[in-house]
Every structure is written in C-alpha cells, then in structure tokens.
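Student: The following block contains the structure, expressed as structure tokens.
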Amino acid sequence: MCEGEEEVDREPSAQRNGAPWPVRRGGRFLALYKRSLTISLLLLFLVSFALHLDGRFRDENDKRQLLHLTKLSLAQYLHDSRFWFESFQNWQSEFLSIFAIIVLSIFLRQQGSSQSKPVDAPHSETGE
C-alpha cells in the first residue's frame with residue numbers, strides 16, 4: 001500500500017481466506033458489492049422518502065375530504081411547500097442525530113464497549 005492509504009482502500013482479493021462470495025465471483029457482483037453500503041443507504045433513503053410521501057399525501061387528502069375540498073393529485077402535493085418543509089425537518093433531525101453520534105464517538109468513551117475506543121486512546125486514533 002502507498003503512504004496515506006488505509007487497509008479499506010486495498011483491492012479485494014478472491015484468494016483471501018473467507019472472502020465473501022461476491023469477491024470470489026468478481027465482475028459485476030464485485031462491482032456492486034464494493035458499493036453495497038452506499039446502494040443500501042440510498043435505497044433506505046428512497047424507501048423512507050416514498051413512505052413519508054405516501055402517508056402525508058393520504059393524510060392531506062383525508063383532511064381535505066373532511067373539509068369538502070377537492071383532493072390533490074400526487075403531482076400537486078409534491079409542489080406543496082408544507083410537504084417539503086416537513087421532509088426537510090425530518091432530514092434535519094436525522095442528520096443531526098447521526099452527526100452527534102459520530103462527533104461524540106470521537107471525543108467520548110464507554111469503558112468495556114466494543115464500539116468505543118479505549119478510554120486512554122487519543123482522539124485521532126481510529127480504533128484499528
């Protein structure tokens with residue numbers, strides 16, 4: 001490995017003992033597997049966005065029906081500023097919680113936890 005490269009940056013080897021099957025198979029399977037975390041997180045984001053959209057869209061039309069107003073189409077609802085405001089509020093709170101976990105894990109410790117650095121480890125240590 002070159003200077004500055006991490007262990008996670010090296011190319012996967014099918015010869016490594018216990019390598020996952022996509023690594024042994026290679027080709028497209030390996031290309032997808034190399035990016036599987038990003039793909040999974042993107043899919044989770046899209047599914048959660050779609051579920052939020054569906055739930056809020058149904059709720060909005062239920063409220064409109066009770067008030068004897070015409071129902072909105074999905075396209076109309078997607079242009080509604082309230083939907084986007086609620087969506088950004090949700091994303092903001094999720095990103096804030098993830099940020100807090102990451103930053104706190106740099107500076108804080110939990111003795112005996114496999115997820116924490118040793119109590120006497122410097123902040124710059126990555127736990128490897």
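The values are calculated or read from the model by the stated rules, or taken from the named source; none is laboratory data. Note that this is a predicted model, so its numbers are computed, not measured. Note that we place each Cβ from the backbone using ideal geometry, even for glycine, and neighbour counts take in every protein chain shown.
For (1) surrounded by fewer than 10 Cβ atoms within 10 Å (Cβ to Cβ); (2) of a type outside the set (Gly, Ala, Ser); (3) in contact with a helix residue (DSSP H, G or I) (Cβ under 7 Å, 6 or more places away or on another chain), each residue gets a yes or a no:
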residue: Arg16; (1), (2), (3): no, yes, no
residue: Ala19; (1), (2), (3): no, no, no
residue: Val23; (1), (2), (3): no, yes, yes
residue: Gly26; (1), (2), (3): no, no, no
residue: Tyr33; (1), (2), (3): no, yes, yes
residue: Leu44; (1), (2), (3): no, yes, no
residue: Leu69; (1), (2), (3): no, yes, no
residue: Ser73; (1), (2), (3): no, no, no
residue: Trp91; (1), (2), (3): no, yes, no
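Student: Only one of these conditions is not met by Gly4: (1) exposed (fewer than 10 other Cβ atoms within 10 Å of the Cβ); (2) modelled with pLDDT of 80 or more; (3) of a type outside the set (Lys, Arg). Which number is it?
Tutor: Only one criterion in (1) exposed (fewer than 10 other Cβ atoms within 10 Å of the Cβ); (2) modelled with pLDDT of 80 or more; (3) of a type outside the set (Lys, Arg) is unmet by Gly4, namely (2).
Student: Quickly run through the stretch 7-43 and pick out the residues that are modelled with pLDDT under 85 and under 22 Å from Trp91 (Cα atoms).
Tutor: Those that are modelled with pLDDT under 85 and under 22 Å from Trp91 (Cα atoms): Leu37, Leu41.
Student: Also, I was wondering about something else. Only one of Arg64, Arg56 is touching a residue at least 24 places away in the same chain (Cβ under 8 Å) and surrounded by 13 or more Cβ atoms within 10 Å (Cβ to Cβ); which?
Tutor: The conditions single out Arg56.
Student: Another question, then. When Arg35 is evaluated against the numbered criteria (1) closer than 30 Å to Glu11 by Cβ; (2) of a type in the set (D, E, K, R); (3) touching a residue at least 12 places away in the same chain (Cβ under 8 Å), which criterion, by number, is the only one it fails?
Tutor: (3)
Student: Still on this model: Return the residues of the stretch 43-61 that are of a type in the set (A, V, I, L, M) and either more than 15 Å from Ala75 (Cβ to Cβ) or within 16 Å of the chain's Cα centre (by Cα) (or both); say none if nothing qualifies. Break it down into steps so the answer makes sense when it comes.
Tutor: First pass over the stretch 43-61, keeping only residues of a type in the set (A, V, I, L, M): 43-44, 46-47, 50-51, 53.
Once the filter is applied, which keeps residues that are of a type in the set (A, V, I, L, M) and either more than 15 Å from Ala75 (Cβ to Cβ) or within 16 Å of the chain's Cα centre (by Cα) (or both), the stretch 43-61 yields Leu43, Leu44, Leu46, Val47, Ala50, Leu51.
Student: Please note which helices (runs of 4 or more DSSP H) are completely contained in the stretch 1-115 and include at least 3 residues that are of a type in the set (Phe, Trp, Tyr).
Tutor: Working: elements: 21-25, 27-34, 36-66, 74-78, 81-107.
Hits in the stretch 1-115: 36-66, 81-107.
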